[in-house]
Amino acid sequence: MALPQRVKLVDVGPRDGLQNEKQTVPADVKVELVHRLQGAGLSEIEVTSYVSPKWVPQMADNAQVMSGIRRKPGVRYSVLIPNLQGFDAALALDRAYWPDEIVVFAAASESFSQRNINCSIGQSIERFRPIVAAAREKGIYVRGAMSCVVGCPIEGEVAPDAVARLAGLMKDVGVQHVGVADTIGVGTPTKVQRAMEATLKHFAIDDVSGHFHDTYGQALANTLASLEMGVWQFDASVAGLGGCPYAKGATGNVATEDVVYMLHGMGIATGIDLDRLIEAGQYISDFLQRKSGSRVATAMMAKRG
C-alpha cells in the first residue's frame, strides 16, 4: 500500500503526558499548552480526563481547563472517560464546554485489566456500553484506546488474537475509532503490524490509529511500519511527555516533534508548524524544569544557539 499523503496527529500531552506528573501543573498552564498546540496547527488535542481526583489528582482541574480553552474552529477537543460518573461530570458544564470526543479504554491483556481497573476485559467493555450510547446520542464522537496490544508488564507478549478480540468488543458497543497502543513501548515493527492487522479485522483503516511509547526507542520505527500499512492517524505527545507507571524506565509517549520531523522529511503533510510546536514543547518543559524529551527539539534548539 502506498504511504499516506497526509497524516493526522492527536497530541495527548495535556492529558496522557501530564497525568502522572508529581508536581501540580496549574490549570492556566495546561490551558496555555493547549492554546500553543492549536496555534502550531494541531487539529486534535486530548485535553484532560474525568477520573477521580483520588486516583489522578493532576486531572482534578478538568472542568476549569475545559472551560478555560479558547476553542479554535476545526479543532477537536477530547477527554478520557472512565465511567458514567465521569461522563456526567464532563457534560455538567455549559454545552459550549463539552468535549467533541470522549475516549474510553480497555486492555488486550486480562492481567493488566485486573491490575489497572480491577475487572476483566469483558466487564470493562460492558461498563462503557451505556457511556458510548449516551455520547453518540448527544453527537459526541467516541474513540477507544486499546492498551497493551503487543506487550504487558505482567503477562509479557500479547497475541494478535487477543487484540482482535478486544477490537471486536469495542466495535460491538459502538466505539467509532480505536487506537492501537503499545503502552509499555516494547513493540517492534513486525509485532505492531500484526496488532494492526488484528484490529483491521473489525475496523476500517480510516478508523484506526497508532499510539506508541518510546521505552525501547522503537516508536518511530513502529510509526513507519504502520504508515506502510496505510495507517494515517497517530497519537503523540509534545516534548515526549508522559509514560506508563507500569513500565520501569519508560521514556514516555513518542514526541510529537519527532514524528512531525520524520513525516515532513518523507514529504507527508501534517498541517503542523514544527517551529511553533517546538516552542510549545519548550514552554511546558520550562515549566516542569527539565529538558524536552524530543530529540528533534533538542537538536534544533542547539542549532539555533
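The values are calculated or read from the model by the stated rules, or taken from the named source; none is laboratory data. These numbers were taken from a predicted model, which means no experiment stands behind them. Neighbour counts run over all protein chains shown; Cβ positions are idealised from the backbone, glycine included.
A few notes on this one:
Every residue, every condition in (1) in contact with a strand residue (DSSP E or B) (Cβ under 7 Å, 6 or more places away or on another chain); (2) at pLDDT 95 or above; (3) closer than 14 Å to V34 by Cα, yes or no:
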residue: I278; (1), (2), (3): no, yes, yes
residue: Y283; (1), (2), (3): no, yes, yes
residue: T298; (1), (2), (3): no, yes, no
residue: K303; (1), (2), (3): no, no, no
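- The set of residues from segment 1-60 being at pLDDT 95 or above, in contact with a strand residue (DSSP E or B) (Cβ under 8 Å, 6 or more places away or on another chain) and β-branched (V, I, T) comprises V7, V10, V12, V34, I45, V47, T48.
- Taken over segment 49-90, residues that are of a type outside the set (V, I, T) and not in a loop (DSSP other than H, G, I, E, B) amount to 21.
- Some residue of segment 209-216 being aromatic (F, W, Y) and crowded, with 23+ Cβ neighbours inside 10 Å: yes
- R115 assigned to a helix (DSSP H, G or I), surrounded by fewer than 17 Cβ atoms within 10 Å (Cβ to Cβ) and touching a residue at least 60 places away in the same chain (Cβ under 8 Å): yes
- Candidates L166, L220, L224 - the one that is buried (at least 24 other Cβ atoms within 10 Å of the Cβ) and part of a helix (DSSP H, G or I): L166
- Test: residue in segment 178-192 that is among the basic types (K, R), under 21 Å from V12 (Cα atoms) and buried (at least 19 other Cβ atoms within 10 Å of the Cβ): no
- Of the set (1) touching an Asp or Glu at 6+ places or on another chain (Cβ under 9 Å); (2) at pLDDT 95 or above; (3) of a type in the set (G, A, S), all apply to A204 but (1).
- The residues in segment 94-112 that are part of a strand (DSSP E or B) and either farther than 20 Å from R143 by Cβ or of a type outside the set (F, W, Y) (or both) can be counted, and the count is 6.
- Residue in segment 25-48 that is surrounded by fewer than 16 Cβ atoms within 10 Å (Cβ to Cβ) and either part of a loop (DSSP other than H, G, I, E, B) or touching a Phe, Trp or Tyr at 6+ places or on another chain (Cβ under 6 Å) (or both) present: yes
- Every pair of residues 6+ apart whose Cβ atoms lie under 7 Å, when the first sits in segment 207-221 and is at negative phi while the second is among the acidic types (D, E) and surrounded by fewer than 24 Cβ atoms within 10 Å (Cβ to Cβ): L220/D258
- Residue within segment 127-140 that is over 23 Å from L200 (Cβ atoms), acidic (D, E) and either modelled with pLDDT of 95 or more or touching a Lys or Arg at 6+ places or on another chain (Cβ under 9 Å) (or both) present: yes
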